[in-house]
Amino acid sequence: MPLSRRTRIAIAAGSVVVAVPAIAIIALASIDWNRARPWLNERISTAIERPFEIRGELALAWRQQGQVLPMPHLVAKDVHIGNPRGMQAPSEMLSVRQFAFAVELLPLLRQRIAIPELRFDHPELLLQRDAGGNNNWTFHRDDQPSTWKLDLQRVVFSKGTVRYIDAVTHVDASANVDTVNDPRYGVAWQLQGKWNNQPVSGSGKAGAVLSLQQQTAPFPLSADLDLGGTHIVFAGTLTKPAALTALDLQLKLSGSSLERLYALTGVLLPETPPFSTEGHLTANLGANASHWIYDQFTGKVGQSDIAGKLDFQTGQPRARLSGTVQSKLLQVSDLGPLIGADSNASKEARGAEERQPGNKVLPVETFRTDRWTAIDADVNFKAAQITRDKNLPIQHLETQIHLKDGVLSLTPMNFDIAGGRFTSTVMLDGSGKVNAHAIRATLKANASHLQLKQLFPSINGMQATVGEINANVALAANGNSVASLLGSSNGELKGAVSQGSVSKLMLETMGLNIGSVVLTKLVGDKQVKLNCMVTDFAVTNGVMKSRLFVVDTSEARIDINGTVNLGNEKLDLTLQPDAKSVRVISLRSPIYVRGSFKDPEVSVDKGSLALRAGSALALAVVAPVAAIVPLVSTGPGETSGCRR
């Protein structure tokens, strides 16, 4: 039966539809594609907006990969990709020994180059970001868009090298990459270089396939690094590899001081003893700003525990750090490096440049205020308990740490101590606006209801002492260390001890009442009523001068006069004890407290002692019984009070 005319036309049309692609495939397979390199180089260069060149052989094979039409699979050797226009770099972005990819045919009709997969054999890859935030891994242009579009779905790496240069974070590091047989990772790498001018080295692993189309597909990463003495271990994923923006990592950090993390992160943290911490780090890394969150972290700083959440954002005019940090038990010794009050051995371990002189007590290590204007901060810190030793716990410390335009303030800084409460505000202006080479500091503090017994638990004779201390401090100063700040301070210190009791033995010893000391030792100590103790010091240019310093009890009064020089750390105090009742064998004389803070000297007025001893010797010649008269002190009587 002959076919109808309509049927013959349909068969002919179908034959053409089948034959044309077949003829095209045969023709393309027979073409010498090395002649097509100039055309292909030009088209790809236009699509990716940077130089592209195939310098070696170019071959074509046809493969069916789930598409309607088979795809041309190009294998190119000695392939080079340059940097985008305006990017200054020491070399091109990529050179690869062999470069293999397939291209979908139909999208070419719409001027779109669709590449399901790129494979690199022995690549040398350079990723770079300049000081302006421009990078060479983002494929776009800001002016007139290209008529050709690139649709790259995933990248597969084999053995090669990757170099990362970042002018923003001062990074120049290279990694040697090789394939590994691992169910999670496809490549392993060894790293060396500089990060923020600190040496960095280590190793890690990454996925072999980098998906650029499915932005939610995790690209695994892990590393074990050493950066300038800071140990960094992380494992996690890169979740948006097309823009190289999102990280999700479990992070472990340890090192000699938290301050050393500035070279790694640009985050200003205080000097501390050796630390270790572990937590969850997420980050979004934009071209001009980034956002980092370190959440649910725990760790130790010295012997103190820490935990909390920190949020760090870069941007203009400066980066900002915020968050909360808690500590269950904070050792006072771990706070020493914060103000340079730790030992020279500790300073050497954390890399401090200055050492504490052997004859100085006040810390001389300078504050690094040059970094204060690089970041703003608003961090809340709480410590349930702070301990100097087991006998003097400090509890419930809370402070809000503010850093704005180079001005650091602790508002407030409060804690419970010795049964009472200490409240204060501290301001340290390190902006350089007032003094380019010094900090302008102010301190206002109040201590209320501090119990004497708890404040000095290790001093003999204080165990049965009662009474409480109330005090106020107001100081202002200029300097670049604790020593220089105190040495230039101005203000006043006032304090008072309410009525209570003190050890009689301690008072008798201070008064050099030898007879009473002997009797007290024989029959036992007892408590003496404390009427009051008042201190009032004026501070001028670092010199504390006693305006009033008196201890008044039911049995004695001690007046203290003189100065304490915070600048040169010298003491010049005179204690004048007076008994309120008869004392036998009393050597009551002025007591001098002099010398340095490091080596104070306590002495007795030798002239007064010699006069008393001489009188006793003369009387002994006349009447031995009368020899004890010069050694008897009758005192001023039963007056009391702390006024002059």
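The values are calculated or read from the model by the stated rules, or taken from the named source; none is laboratory data. All values reported here derive from a predicted model rather than from experimental measurement. Note: ideal-geometry Cβ built from the backbone for every residue, glycine included; neighbour counts use all protein chains shown. Note: accessible area is taken over every heavy atom of the protein model, side chains too, but ligands, DNA and RNA are not part of it. Shrake-Rupley method; radii C 1.70, N 1.55, O 1.52, S 1.80 Å.
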Inset, instruction - Report the local net charge at Lys252: Lys and Arg +1, Asp and Glu -1, summed over other residues whose C-beta lies under 13 Å from its C-beta. - result: -2
Inset, instruction - Using a 1.4 angstrom probe on the protein heavy atoms only, line up Trp292, Trp137 by accessible area, largest first. - result: Trp292, Trp137
Inset, instruction - Round to a whole angstrom and tell me the spacing of the C-alpha centers of the range 121-138 and the range 90-116. - result: 18
Inset, instruction - Distance from a point 7 Å along Cα→Cβ of Ala235 to each backbone N in the range 276-313: keep the residues under 16 Å and list them by number. - result: 278-281
Legend entry - Protection proxy ranking, peptides 412-422, 181-191, average beta carbon neighbours within 10 Å, highest first: 412-422, 181-191
Inset, instruction - Give me the distance in nm between label points sitting 7 Å out from Cα along the Cα-to-Cβ direction at Glu42 and Gln303, one decimal. - result: 7.7
Inset, instruction - Would you kindly state how much longer the chain becomes between Lys444 and Lys598 on full extension, computed as 0.36 nm times their sequence separation minus their alpha carbon distance, in nm to one decimal? - result: 52.8 nm
Inset, instruction - Output the pairs from Lys433/Lys494; Lys444/Lys529; Lys77/Lys149 with a Cα-Cα distance over 30 Å in this structure; if there are none, say none. - result: Lys433/Lys494; Lys444/Lys529
Inset, instruction - Pop a pseudo-label 7 angstrom from the Cα along the beta-carbon direction at both Lys328 and Asn490 and give the gap in nm to one decimal. - result: 4.8
Inset, instruction - Run the quick spin-label model on Asn34 and Gln576: label points 7 Å from Cα toward the beta carbon, then report their separation in nm to one decimal. - result: 11.0
